[in-house]
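Right, one structure below, let's go through it.
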Amino acid sequence: MEIYIYVIIFIFGSIMGSFLNVLAVRLSNNESIIYPSSHCHNCQHKLKWYELIPILSYIIQKGKSNCCNTRIPISYLIVEIVTGALYCTAYHSFGFSYELVISLIFISSLITIIVSDIEYMIILDEVIAVACILIILFELVFFGLEFTVNKILSGILAFITMYGIKMIGDKMFKKESMGGGDIKLMFLFGIVIGFPLSICDIFLATFIAFPVAIYLLFSRKDSLIPFGPFLAMAAILIHISKVDISSIINFIVK
C-alpha cells in the first residue's frame, strides 16, 4: 500500500513541477499565468492535453515539440522529476501531517525560485511573498500564536543577518556583493527552518556553490553566478533532513 502512496505523490509532484516551471517562466517575463494556455514558445501552437503529460510527453516526443520539431529544454523534464522526488521525500520525512503541508509550500516556492534565478537571474518577490503568507497562516492555525511569532522573529533575524553580510561584502569588494532577492529569501528560511539553521544554510550553500563556481569561472567568460539557487538547495536539504542545530553543534565539537 505504501508504494502506491509514493507513486501517487510522485505523479502529483511531477504535475506540480510542470506548473512551477511555467510559473517561473511566465512571472519572470511579466506574463499572465492564466492566459494564453500552454503553447509552443517557437510557433505559438496550442498544446494538446497529451503533449502536457509530465515526464512522459517529453520522453515520447524525444525532447522535441510535435508542431515544429523545436527542442524542448531538458530543464522541464529535470524540474518535473526533481519536484516529484522531493514531494516523496517530504512525505517520507513528515508523513501525512500539518508539517507536510508547510513543507510542500516551501519546496514548491524554492523550486520556482531556483528556475527563475538560473534562467533569468530573478528571484521572484511574488513567490516569496505568497509562500511566506501561506506558511505563516498555516503555522498560526496548526501550531498557535506563540510558535508563529517565534518563527516570524527567526525570519526577521535571518533577514537582518543576511543584510549585514551584504553590507560587509559591499564594502570589501566595493560593489554589490549580493542581490536583494537573496536577502528576502532568508526571511522565508527563518519562518520554516528557524534562525540558527538559516545561518547554517548560508555556509552549506557556499559549500555547494564553490565547486560549481570554480567550474563555471574556468569554462566560460561570464562570471556572474546566482547564489539564490544554492541557498534554496541548501534550505531544502536542511528542511527535509529534519536536522536540528544541536546535532550540528555536536558534530562540529566532536
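A few notes on this one:
- When the residues of segment 49-71 are filtered to those that are touching a helix residue (DSSP H, G or I) at 6+ places or on another chain (Cβ under 6 Å) and part of a helix (DSSP H, G or I), the one that is modelled with the lowest pLDDT is 51.
- Boolean, residue 189 is under 16 Å from the mean Cα position of the chain (by Cα) and surrounded by fewer than 22 Cβ atoms within 10 Å (Cβ to Cβ): no
- Any hit, segment 98-110, residues being modelled with pLDDT under 95, under 26 Å from residue 14 (Cβ atoms) and in contact with a helix residue (DSSP H, G or I) (Cβ under 7 Å, 6 or more places away or on another chain): yes
- Pick from segment 1-25, criterion of a type in the set (Ser, Thr, Tyr) and over 14 Å from residue 38 (Cα atoms), ranking: surrounded by the fewest Cβ atoms within 10 Å (Cβ to Cβ): 4
- Criterion (modelled with pLDDT of 95 or more, on the phi < 0 side of the Ramachandran plot and among the charged types (D, E, K, R)) met by exactly one of 171, 151, 175, 184: 151
- Conditions (1) assigned to a helix (DSSP H, G or I); (2) modelled with pLDDT of 75 or more; number of the one not met by residue 30: (1)
- Out of 74, 123, 133, one residue alone is surrounded by fewer than 17 Cβ atoms within 10 Å (Cβ to Cβ), of a type in the set (Val, Ile, Thr) and modelled with pLDDT under 95. It is 74.
- Exactly one residue out of 100, 86, 77 is part of a helix (DSSP H, G or I), out of contact with any Phe, Trp or Tyr (no Cβ under 6 Å at 6 or more places or on another chain) and under 27 Å from residue 17 (Cβ atoms): that is 86.
- Boolean, residue 243 is exposed (fewer than 15 other Cβ atoms within 10 Å of the Cβ) and at pLDDT below 90: no
- Residue satisfying condition, being aromatic (Phe, Trp, Tyr), in a helix (DSSP H, G or I) and out of contact with any Cys (no Cβ under 9 Å at 6 or more places or on another chain), within set 187, 159: 159
- Residues that are within 17 Å of residue 118 (Cβ to Cβ) and hydroxyl-bearing (Ser, Thr, Tyr), drawn from segment 177-222: 215, 219
The values are calculated or read from the model by the stated rules, or taken from the named source; none is laboratory data. Keep in mind it's a predicted model, so treat the numbers as computed, not measured. We place every Cβ from the backbone using ideal geometry, glycine too, and count neighbours over all the protein chains shown.
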